[in-house]
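Below is one structure, written out as structure tokens; the observations come after it.
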Amino acid sequence: MGSSPYVRQKMKERYEASGGTAPSNARDMTVYLADMPQLVVVHGLVMARIQKAKIGVSVFSKKCCPISVGILCRKEYNEKEHQGEDVALDPFDKKRWAERQIQWIIKQVRMSTLKLVHY
């Protein structure tokens, strides 16, 4: 969305021309257009990793997500992990599989602490 003129304009209105109504951690902010907007997330991750390696301070001390996201799948049966679950024998590989398992992609974390370090 970084290359969207509409989104860029709304961000400028909210953070640059807010007349003091911007959140306290966003005052005096300037919105820039990246040369390659499709890569800004990657650049941000690299910058965060460099900061962590150089000075040992993480940009995010905890990851924060209001919801959990996962996909429904089958997992190879593990007696300790899948006790009481629906299990099926696969006719092709002859292995036992626990059905309707969730492979979490993102797990909910409620609190986050943001630590920004300026160079």
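The values are calculated or read from the model by the stated rules, or taken from the named source; none is laboratory data. Predicted, not measured: the structure shown is a model, and the values here were computed from it. Methodologically, a virtual Cβ is constructed for each residue, glycine included, from the backbone with ideal geometry; neighbour enumeration extends over all protein chains shown.
Quick look at the values:
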{"read-out": "Test: residue in region 60-72 that is in a loop (DSSP other than H, G, I, E, B), touching a helix residue (DSSP H, G or I) at 6+ places or on another chain (Cβ under 6 Å), modelled with pLDDT under 90 and surrounded by 12 or more Cβ atoms within 10 Å (Cβ to Cβ)", "value": "no"}
{"read-out": "Filter result for VAL46 (hydrophobic (A, V, I, L, M, F, W, C) and modelled with pLDDT under 85)", "value": "no"}
{"read-out": "Residue count, region 1-43 (criterion: modelled with pLDDT under 80, assigned to a helix (DSSP H, G or I) and closer than 20 Å to VAL59 by Cα)", "value": "3"}
